[in-house]
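The values are calculated or read from the model by the stated rules, or taken from the named source; none is laboratory data. Not measured: the values here are computed from a predicted model. Glycine gets a Cβ as well: all are built from the backbone with ideal geometry, and neighbour counts include every protein chain shown. Areas reflect the complete protein model, heavy atoms only, side chains present, ligands, DNA and RNA absent. Shrake-Rupley method; radii C 1.70, N 1.55, O 1.52, S 1.80 Å.
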Amino acid sequence: VQLQASGGGAVQAGGSLRLSCVASGRTSSSFTVGWFRQAPGKEREFVAAFRRNNSGSYYADSVKGRFTISRDNAKNAVYLQMNSLKPGDTAVYFCAAGTPILSAISLPSIYAYWGQGTQVTVSS
């Protein structure tokens with residue numbers, strides 16, 4: 001499975017961006033697809049995930065109510081709509097695919113496949 005992330009950019013606080021993650025090689029619906037982010041000097045952290053077989057979406061507390069993850073199986077794609085962006089959201093965003101159990105859905109180590117990352121910069 002290969003993942004291609006795109007859609008990052010530079011916006012002002014309060015703005016919006018939509019990230020895309022397109023999978024090739026196997027259908028994305030077979031996997032849980034997660035979004036993670038990593039700011040300079042910090043560990044990679046969980047942002048959101050869309051569980052395989054359309055069995056639910058999950059969010060980090062820091063993005064609940066602002067970010068929405070969605071899936072388009074026909075396009076083999078997962079999207080992350082990010083609204084009301086804050087400077088603290090600045091990071092490189094990665095999409096990842098795997099088959100984590102629910103209790104491990106936020107653990108980067110569980111995901112087997114990773115995209116290359118896309119930079120999101122939010123200025124105040």
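Out of the residues in segment 87-103 that are at pLDDT below 95 and in a helix (DSSP H, G or I), which is surrounded by the most Cβ atoms within 10 Å (Cβ to Cβ)? Here the answer is 102.
Yes/no per residue for (1) over 15 Å from the mean Cα position of the chain (by Cα); (2) small (Gly, Ala, Ser); (3) assigned to a loop (DSSP other than H, G, I, E, B):
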| residue | (1), (2), (3) |
| --- | --- |
| 5 | no, yes, no |
| 11 | yes, no, no |
| 22 | no, no, no |
| 35 | no, no, no |
| 41 | yes, yes, yes |
| 46 | no, no, no |
| 61 | no, no, yes |
| 71 | no, no, no |
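Of all residues in segment 43-56, exactly one satisfies the criterion of being at pLDDT 95 or above and either touching a helix residue (DSSP H, G or I) at 6+ places or on another chain (Cβ under 7 Å) or farther than 18 Å from residue 114 by Cα (or both), namely 44. All of 106, 57, 84 fail the test of being in contact (Cβ under 8 Å) with a residue 24 or more places away in the chain, open to solvent by less than 80 Å² (accessible area, probe 1.4 Å), closer than 18 Å to residue 18 by Cα and of a type in the set (Ser, Thr, Tyr), apart from 84.
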